[in-house]
Amino acid sequence: MASLGYVGLGVMGGHMVDRLLEKGHTVTGYNRTRSKAQWLIDKGMAWAGSPQAVCAAADVILSMVTNSEALRSIAEGPHGMLEGLGAGKIWVEMSTVSPVTSRALAARVREKGSDMVDAPVSGSVITLQQGKLSVIVGGRLETFERVKPLLLDLGPKVTHVGENGLALVMKIATNLSLAVQMLAFSEGVLLAEKSGIKREAAVDVLTHSVIGSPMVQYRGPFVLKMPEEAWFNVNMMQKDMLLALELGRQVDVPLPTTSATNEFLTAARAMGLADRDFAVLFEVLARMSGIAK
């Protein structure tokens, strides 16, 4: 098996490394805060002191960070990934960032004799743990074929959608629906509750109804009990919504439900809920409806 590296060991990245270790891969990892990666070190992950060191130690390097600025941070500088890349290495970049930023970075990676694909994922920690994660890949087809077996260790659905940046377009097109669905689900729950139906009953009916998408099924119950640690917080969700709105303007596609839902995310931030899971949209609408969550 290829020697793997991973940069960015947050909630999702950390659990990906955990799964790769379980699959028998050798992984060298780096995270800005080492203490957050200690549980992976305890499980056998090798530690590197910088993104550059991860690239030097690995043949295939994966990364997942919060936004375009964070991606530039791990890529550039005296100890960045670009300094550690060389001939024959592959960078599988899994963050949800601007397609323009990703394409520009891929060009710089190729100047180093390496190659890069954008490979954002659709799913959550629980999807990953259940073995149901899907990966979308943009980049050269021959590079995709080389990393596909590795990505299949993360989830059963790996799809090549075209050139660099297009996987990010597809991810943004997917993610905008997450918050839109959550807001619509919250509307239904609150309409039922204010009419006299218990919230628990409304959640049970809706999550098992025709609207019960996978997202609704695993996140709908959050309106009864929010997780202590956000799976995907308000700030992260709004970052993706803003990417969608920017892309919509670029290609002349109106995004009315995205625009409206984005305003509710802004309201959540104004209420001090930015670090909560974006399912807290329910609480925003509940307060507007005169219901204390």
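Kyte-Doolittle mean at least 1.0 and Cα extent at least 20 Å along the axis: which DSSP H helices of the chain qualify?
166-194
Candidate cross-link partners of Lys225 among the lysines, defined by an alpha-carbon separation under 23 Å and a same-chain spacing of 8 or more, comprise Lys194, Lys198, Lys293. Kirkwood radius and radius of gyration were both taken over the C-alpha atoms of the chain, and their ratio Rg/Rh is 1.00. Dipole check for the range 1-113: with +1 at the C-beta of Lys and Arg, -1 at the C-beta of Asp and Glu, and the Cα centre as origin, the magnitude is about 60 Debye. Neighbours of Val7, meaning other residues whose beta-carbon lies under 14 angstrom from its beta-carbon, give a summed charge of +2 when Lys and Arg score +1 and Asp and Glu score -1.
A 1.4 Å probe, protein heavy atoms only, puts the accessible area of Leu255 near 40 Å². Here r is the Cβ-Cβ distance between Ser73 and Ser213 and R0 is 35 Å; the resulting FRET efficiency, rounded to 0.05, is 0.55. Restricting the chymotrypsin sites (Phe, Trp or Tyr not before Pro) of the range 179-276 to loop positions (DSSP other than H, G, I, E, B) with no more than 15 neighbouring Cβ atoms within 10 Å leaves nothing. Once C-alpha pairs closer than 8 Å and six or more residues apart are averaged by separation and normalised to the residue number of the range 1-146, the relative contact order reads 20 percent. Here the range 1-56 is treated with +1 on each Lys and Arg Cβ and -1 on each Asp and Glu Cβ, and its dipole about the Cα centre works out to around 100 debye.
So how do Asp252, Asp115 rank on accessible area, 1.4 Å probe, biggest first, that is with the largest at the start?
Most to least solvent-accessible, the answer reads Asp252, Asp115.
Dipole magnitude for the range 146-244: about 160 debye, using +1 per Lys or Arg Cβ and -1 per Asp or Glu Cβ, origin at the Cα centre.
Split the accessible area of the range 36-157 by element, probe 1.4 Å, and carbon with sulfur accounts for 51%. When the C-alpha to C-alpha distance is required to be over 19 Å, the pairs from Lys148/Lys239; Lys132/Lys157; Lys43/Lys157; Lys89/Lys239; Lys36/Lys171 that qualify are Lys148/Lys239; Lys43/Lys157; Lys89/Lys239; Lys36/Lys171.
The values are calculated or read from the model by the stated rules, or taken from the named source; none is laboratory data. From a predicted model like this one, the values you see are computed outputs, not experimental measurements. Note that each Cβ is placed from the backbone with ideal geometry, even for glycine, and that neighbours are counted across all protein chains shown. Surface accessibility is based on the protein's heavy atoms, side chains included, excluding ligands, DNA and RNA. Shrake-Rupley method; radii C 1.70, N 1.55, O 1.52, S 1.80 Å.
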